[in-house]
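Written out below as structure tokens is the structure these notes cover.
The values are calculated or read from the model by the stated rules, or taken from the named source; none is laboratory data. The model shown is predicted, which means the values in this text are computed figures rather than measured ones. All Cβ positions, even for glycine, are placed from backbone atoms using ideal geometry, and neighbour counts span all protein chains on display.
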């Protein structure tokens, strides 16, 4: 849709690439080192102060229907981290949070969308990121809107929410559902309700639930129509020193704190089956290290 609207754009989606058997990393998967590195590079190549990015994180690990497995709650959004699916969800969110911070520092507009029942907004790292953007841009630097996707001709009514550093995002809310809309208006059944042998009411997702992950075309069109206004009204960018100090000086005075917020982002080697992200970048044969920095990097990685 963005390209059809004459925007230069780049999409990261697992559907766009299937990892070959002989490869250990998928460049379309943000959980893989090549995907994360490529996403960061894409942000760094955006026009400073004049770009927009949208994050539609896979919600399966954060949605209400999965809490029996993930064990996530509003007070314990980390979930049961002994399950790999929960760790993957945490890692994906924490890496996305890092990219949101990077987009903010670069002066870009960002947005993040989730289904209404998602517990993502209670995740500690996400709350920390929102607080940080508030510190940089004031109490109105981040906006959140809750809306019905039915207003955009979706398959179901489906409540959603969206965070952004632009107030334009509030225009997604079209108010209450039309009076002629009711549960029978839904074109598909996304959940099967039943009573188990113990007489307890239960429900489980149907095969149609996954189809609702795709945005309806009117919603995508609305996003495209407001992109320019979103870019103009984005906020939260911290004040950049003038003149900008050398990168080496910045690195030496950095205070590394709040490291607990990035436990699953795999910046240290957390996943046994994936290489360390820094090692991945350092091992790239196309990496060009400035002469000033070379003495601070090991020539080989043990």
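Annotations for the structure displayed:
- Restricting attention to the range 65-81, the residues that are in a helix (DSSP H, G or I) and exposed (fewer than 14 other Cβ atoms within 10 Å of the Cβ) total 1.
- Positions within the range 227-241 being closer than 20 Å to residue 8 by Cβ, surrounded by fewer than 17 Cβ atoms within 10 Å (Cβ to Cβ) and touching a residue at least 12 places away in the same chain (Cβ under 8 Å), in sequence order: 229
- Checking every residue in the range 194-211 against the condition of being closer than 30 Å to residue 103 by Cα and either more than 26 Å from the chain's Cα centre (by Cα) or at pLDDT below 90 (or both) gives at least one match.
- Here is the figure for the range 71-92: residues that are touching a helix residue (DSSP H, G or I) at 6+ places or on another chain (Cβ under 6 Å) and under 22 Å from residue 160 (Cα atoms) total 4.
- Checking residue 84 against (1) closer than 21 Å to residue 122 by Cα; (2) within 18 Å of the chain's Cα centre (by Cα); (3) surrounded by fewer than 18 Cβ atoms within 10 Å (Cβ to Cβ); (4) at pLDDT 90 or above, the condition it does not meet: (2)
- Scanning the range 173-189 for any residue that is surrounded by 20 or more Cβ atoms within 10 Å (Cβ to Cβ), in contact (Cβ under 8 Å) with a residue 12 or more places away in the chain and under 23 Å from the mean Cα position of the chain (by Cα) turns up nothing.
- The range 10-47: number of residues that are surrounded by 13 or more Cβ atoms within 10 Å (Cβ to Cβ), part of a loop (DSSP other than H, G, I, E, B) and under 20 Å from the mean Cα position of the chain (by Cα): 12
- The range 127-151: number of residues that are over 23 Å from residue 50 (Cβ atoms), in contact with a helix residue (DSSP H, G or I) (Cβ under 6 Å, 6 or more places away or on another chain) and either surrounded by 19 or more Cβ atoms within 10 Å (Cβ to Cβ) or free of Cβ contacts under 8 Å to residues at least 24 places away in the same chain (or both): 1
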